[in-house]
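The values are calculated or read from the model by the stated rules, or taken from the named source; none is laboratory data. Since the model is a prediction, treat every value here as computed from it, not as a measurement. Note that each Cβ is placed from the backbone with ideal geometry, even for glycine, and that neighbours are counted across all protein chains shown. These area figures cover heavy atoms from the full protein model, side chains too; ligands, DNA and RNA do not enter into them. Shrake-Rupley method; radii C 1.70, N 1.55, O 1.52, S 1.80 Å.
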Amino acid sequence: MNPTHTPFLLRRELQHSLDTLASTHKVPGAQLVVDTGSEIVAVHTGTADVATGTPLTADTAVPLGSLTKPCTAALVLLLADDGDLDLDDPAAEYLPELRDVPTVTIRQLLSHTGGLPTGPDSDTAGRTTAAHYLASVCTARDLLFAPGTDFSYSNAGYVAAGRIAETVTGMPWHEAVGALLLEPMGIMPAFLGVPAGRPVAAGHGFNVATGQTRPVQQNLAPLEAPAGALLASAIDLGVLGRAVAGQSLCLPSAIVKHMSGAEPGAEAGALADGWGLGLALFEQGDQTWCGHDGNAQGTSCHLRVEPDSGVVVAFTGNAGAGTALWRDLAEDLERIAGMAVPAGMEPVNASDPVALPDCAGTYANGSTRYDIALQPGGSPTLSIDGDLELPLVCYADLTCDLVDPATGRRQPGGRFHRDPDSGVIDRVQISGRTARRTSSG
């Protein structure tokens, strides 16, 4: 914290930064909370819904997307702390639909180390039941690796974790997470698809052709709620962050340790430096931050916590461009407040690129297909489900960067894996999701 800044000056500068960046990035509304460990500064700006002109306030709840997952993890950990389940129990003991993957544990669901595919898109999920969804996705045939040996970000794993909480408590997930976690923290629960007793924001998209920003519909399937249905304000996220920093009786110290401690095998690649039970871990100098990012339709939300100092930073933006706003805001935080907040992973491989011709082929994560092809000259490209081919830059340690075709800018892509016995590349992890090789190029 910059010692020359009083809370008043800090609030004024952060308000100016948020106002300016929201305008620059065409984000209708945004919220920011900075808890220095001794002072809490909260600012907000803009509009909750451009169709109605409703102002965004400090209390407006924004669709959090995957930032729901830490709350699902905390709910399951509370049940474990009460002795209602054991984290190392096989998940199939609670959910018969997981009987085809009998060694996947509850701990592995929460740390994304169970080897489960990510799950189908929300439109597909919306046409089935939770039990059928899990039985069709969590199969021995579709396991990406031996449970506990690697990392692959999985919505299906959190659908299963939420179902376990329902089985143990006898309550629907949204009632259980509200009654056992959110309400004791003083957070008024709000969920997609459930009438809210507080103001809520719409997500927004920017139409390049018309130059207009318009609201977009949320399409999360009800069964996916434990993975992404929560709405909250930045102030609410700050409350959760303080609990993760060990400053709330709502989360016992054992739970805090589980959430902010690195799990074995959780090598998250382009997403983070490691993973706990429900939270990503980011190395920043000699500090380890924890947190999570979340994107719903047309929203971008972020939480960062440095447990040793008690610093918490929470951000919500109600447009997809909020991610770029968040990254710029993190730079301003360092300039204004002296806080080096890890906004996300950046390319760190300074090695020279290498040719990796044996990476070409088709890889699969459930129904998602990753095609890696070699262009004339041998440079690889990646296409996911037939989308635009993105150039890849590969390195000798088998990591790779993705290249933005428009700007040439590199961003962390992931890494390849070689089978230890054959030496053949058999998996690729892209943006935290692992895909298993199904054919050669």
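The table for this structure:
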quantity	calculated
Criterion: without any contact (Cβ under 8 Å) to a residue 60 or more places away in the chain, under 22 Å from Asp293 (Cα atoms) and out of contact with any Asp or Glu (no Cβ under 8 Å at 6 or more places or on another chain) - qualifying residue of Asp352, Asp401	Asp401
Positions within region 45-77 being of a type outside the set (S, T, N, Q) and more than 21 Å from the chain's Cα centre (by Cα), in sequence order	Gly46, Ala48, Asp49, Val50, Ala51, Gly53, Pro55, Leu56, Ala58, Asp59
Enumeration of residues in region 301-310 that are over 16 Å from Ile235 (Cβ atoms) and in contact (Cβ under 8 Å) with a residue 60 or more places away in the chain	Glu306, Pro307, Ser309, Gly310
Asp401 of a type in the set (Asp, Glu), touching a strand residue (DSSP E or B) at 6+ places or on another chain (Cβ under 8 Å) and farther than 16 Å from Tyr363 by Cβ	yes
Residues of region 295-317 satisfying the condition of being surrounded by fewer than 24 Cβ atoms within 10 Å (Cβ to Cβ) and closer than 14 Å to Leu231 by Cα	Asn295, Gln297
Scan of region 145-158 for residues that are farther than 18 Å from Ala92 by Cα, within 16 Å of the chain's Cα centre (by Cα) and open to solvent by less than 10 Å² (accessible area, probe 1.4 Å), ordered by number	Phe151, Ser152
Cβ-Cβ under 6 Å pairs, at least 6 apart or on other chains, region 227-253 side open to solvent by 40 Å² or more (accessible area, probe 1.4 Å), far side assigned to a helix (DSSP H, G or I) and of a type in the set (A, V, I, L, M)	Gly246/Val256
Yes/no for His292 being in contact (Cβ under 8 Å) with a residue 12 or more places away in the chain, open to solvent by less than 20 Å² (accessible area, probe 1.4 Å) and closer than 30 Å to Ala146 by Cα	yes
Tally of residues being open to solvent by 60 Å² or more (accessible area, probe 1.4 Å), touching a residue at least 24 places away in the same chain (Cβ under 8 Å), part of a helix (DSSP H, G or I) and closer than 26 Å to Gln247 by Cα across region 166-193	3
Scope region 315-351; condition within 21 Å of Gly432 (Cβ to Cβ) and part of a loop (DSSP other than H, G, I, E, B); matching residues	Gly320, Val341, Pro342, Ala343, Gly344, Met345, Glu346, Pro347, Val348, Asn349
Condition met for Ala268 (among the aliphatic types (A, V, I, L, M) and open to solvent by less than 60 Å² (accessible area, probe 1.4 Å))	yes
Qualifying residue in region 200-218 (condition: surrounded by fewer than 17 Cβ atoms within 10 Å (Cβ to Cβ), among the aliphatic types (A, V, I, L, M) and at pLDDT below 95)	yes
Among the candidates Ala196, Ala161, residue that is assigned to a helix (DSSP H, G or I), out of contact with any His (no Cβ under 9 Å at 6 or more places or on another chain) and open to solvent by less than 50 Å² (accessible area, probe 1.4 Å)	Ala161
Region 1-15 residues that are within 18 Å of Val311 (Cα to Cα) and open to solvent by less than 60 Å² (accessible area, probe 1.4 Å), paired with ones that are of a type in the set (Gly, Ala, Ser) and modelled with pLDDT of 80 or more (beta carbon under 8 Å, 6 or more apart)	Asn2/Ala337; Asn2/Gly338; His5/Ala337; Leu10/Ala337; Leu14/Ala337
Criterion violated by Ser38 - all others in (1) open to solvent by less than 20 Å² (accessible area, probe 1.4 Å); (2) in a loop (DSSP other than H, G, I, E, B) satisfied	(1)
Within region 16-35, considering residues that are within 25 Å of the chain's Cα centre (by Cα) and β-branched (Val, Ile, Thr), the one surrounded by the fewest Cβ atoms within 10 Å (Cβ to Cβ)	Thr24
Breaking point among (1) among the β-branched types (Val, Ile, Thr); (2) modelled with pLDDT under 95; (3) touching a Gly at 6+ places or on another chain (Cβ under 6 Å), for Ile336	(3)
Residue among Thr60, Thr72 that alone is in contact with a Phe, Trp or Tyr (Cβ under 7 Å, 6 or more places away or on another chain), over 21 Å from Asp328 (Cβ atoms), open to solvent by less than 50 Å² (accessible area, probe 1.4 Å) and in contact (Cβ under 8 Å) with a residue 24 or more places away in the chain	Thr72
Subset of region 352-370 that is open to solvent by 40 Å² or more (accessible area, probe 1.4 Å) and not in a loop (DSSP other than H, G, I, E, B) - its residue that is nearest to Tyr153 (Cα to Cα)	Arg369
Selection from region 117-143 of residues that are assigned to a loop (DSSP other than H, G, I, E, B) and open to solvent by less than 10 Å² (accessible area, probe 1.4 Å)	Pro117, Cys138
